[in-house]
1. Going through region 135-149 one residue at a time, which ones are of a type in the set (D, E, K, R) and either in a loop (DSSP other than H, G, I, E, B) or surrounded by 17 or more Cβ atoms within 10 Å (Cβ to Cβ) (or both)?
2. Condition check: charged (D, E, K, R) and under 22 Å from L240 (Cβ atoms). Does D27 satisfy that?
3. Which count do you get for residues in region 70-89 that are over 17 Å from the mean Cα position of the chain (by Cα) and either more than 20 Å from T154 (Cα to Cα) or hydrophobic (A, V, I, L, M, F, W, C) (or both)?
4. Could you run through region 48-89 and say how many residues are basic (K, R) and either surrounded by fewer than 14 Cβ atoms within 10 Å (Cβ to Cβ) or within 23 Å of V142 (Cα to Cα) (or both)?
5. So which residues in region 282-312 are within 20 Å of P111 (Cα to Cα) and buried (at least 18 other Cβ atoms within 10 Å of the Cβ), if there are any at all?
6. Residues to consider are V184, V204; find the one that is of a type in the set (A, V, I, L, M, F, W, C), at pLDDT 95 or above and closer than 26 Å to P247 by Cβ.
7. Please work out which residue is surrounded by the fewest Cβ atoms within 10 Å (Cβ to Cβ), limiting yourself to region 150-187 and to residues that are of a type in the set (D, E) and in a helix (DSSP H, G or I).
Amino acid sequence: MIIDVSKACDLLKKGDDILILSHQKPDGDTLGSGFSLKYALEKLGKRTRIECSDGFPSRYGFMYQDGFDPDKQEQFTPGMIVAVDIADTQLLGKKTEKYKDRVDLCIDHHPSNTHYAKNLVLDSQAAATVQLISKVIDGLGVKIDLLMATCIYTGLATDTGCFRYSNVTAETMYLAARMMEYGVDAYGINKLMFETKSVARMEVEKLIMETLEYYYDKRCAVIVISDEMVKTTGVSEEELEGVSAIPRQIEGVEVAVTLRQKGARTYRVSMRTSEYVDASRICVRLGGGGHARAAGCTVEGTLVQVKKKIIEQLKDAF
């Protein structure tokens, strides 16, 4: 059932022992949403726990309260389960998929949301889920502090490519400015998220560029990240975040496709597009979803077969 922010606040005020779920392969938005909501609820005296099937990447450790250890959170039987930035239960991952039929509230901005939760707050025009979370926090009557503001700003920055993507609106910028008024270190966060790469990441980028292929008069670019590349360079999943931005930076490219091998015959597809192509519509046809400019799916087959399936789906776009 679709509900508004006010109703969501009523549910959260009544709930306790609240479990907050972030999606697998976590990014700044799902974590920023989860942690800022967690801190707000704790200010209301609620007992909370946050979980992610893939754990919490160390690069987001600045979101933690002093002394917080994700592996030593208080355990309890959830009285309420909240999913943030999760469009489909398939994105929960193995560790938390056991909760897929028990989600009481989902707060999300993906137009492809499958309405799996009992209650859903959805705004597909929001650049990031943290935009909705900030409204929830305000609705709860909780005063935002520096740590919560840091979480919210990070979600905005990471889901907008440091405010460069077409999903950025005046509301997005106003919210970012508001968070900076709380003392957020925007420079430090942006440098860490967008200008800092490990040696392993740079090594894997060299290998990735060797796989670059063009289609449809160079309006579509495809890159591949194989299991062998990951093994050779020792790059972690955390370090691979944002790699899908590489082909979209090429002049004239309107569709950028990244194929991440996940086993002998499985590829995770990440698609980034210009304003002329709806990535979500294409990925939905392949069993996935997402946003108009950023979407994904998982495709089975050999590399040649997977490329063929994707390129065929794109033929109507050009």
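1. Step one: filter region 135-149 for residues of a type in the set (D, E, K, R), giving 135, 138, 143, 145.
Listed by number, the residues that qualify are K135, K143, D145.
2. Values: charged (D, E, K, R): yes; under 22 Å from L240 (Cβ atoms): yes.
Against the criterion (charged (D, E, K, R) and under 22 Å from L240 (Cβ atoms)), D27 qualifies.
3. Here is the first cut: in region 70-89, the ones over 17 Å from the mean Cα position of the chain (by Cα) are 70-81.
Filter once more, so that each one left must be either more than 20 Å from T154 (Cα to Cα) or hydrophobic (A, V, I, L, M, F, W, C) (or both): 71-81.
Number satisfying all stated conditions: 11.
4. First pass over region 48-89, keeping only residues basic (K, R): 49, 59, 72.
Still in the running and either surrounded by fewer than 14 Cβ atoms within 10 Å (Cβ to Cβ) or within 23 Å of V142 (Cα to Cα) (or both): 49, 72.
Here the count works out to 2.
5. To start, the set of residues in region 282-312 that are within 20 Å of P111 (Cα to Cα) comprises 282-298.
I282, C283, L286, G288, G289, G290, H291, R293, A294, A295, G296, C297, listed by residue number.
6. On the way: V184 fails: closer than 26 Å to P247 by Cβ.
Being of a type in the set (A, V, I, L, M, F, W, C), at pLDDT 95 or above and closer than 26 Å to P247 by Cβ holds for just one of V184, V204, which is V204.
7. Initial filter on region 150-187 (of a type in the set (D, E)): 159, 171, 181, 185.
The next check asks that each one be in a helix (DSSP H, G or I); those that pass are 159, 171, 181.
Values: D159: 28, E171: 12, E181: 9.
Only one residue fits best here, namely E181.
To keep it simple, each residue is scored yes or no on (1) under 19 Å from the mean Cα position of the chain (by Cα); (2) modelled with pLDDT of 95 or more; (3) not assigned by TED's automatic domain parsing to the domain that holds H109.
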residue: V222; (1), (2), (3): no, yes, yes
residue: V230; (1), (2), (3): no, yes, yes
residue: G234; (1), (2), (3): no, yes, yes
residue: R248; (1), (2), (3): yes, no, yes
residue: V255; (1), (2), (3): no, yes, yes
residue: A264; (1), (2), (3): no, no, yes
residue: Y276; (1), (2), (3): no, no, yes
residue: S280; (1), (2), (3): yes, no, yes
residue: R293; (1), (2), (3): yes, no, yes
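The values are calculated or read from the model by the stated rules, or taken from the named source; none is laboratory data. Please read these numbers as outputs of a predicted model, since none were measured by experiment. Backbone-built Cβ (ideal geometry, glycine too); neighbour counts: all protein chains shown.
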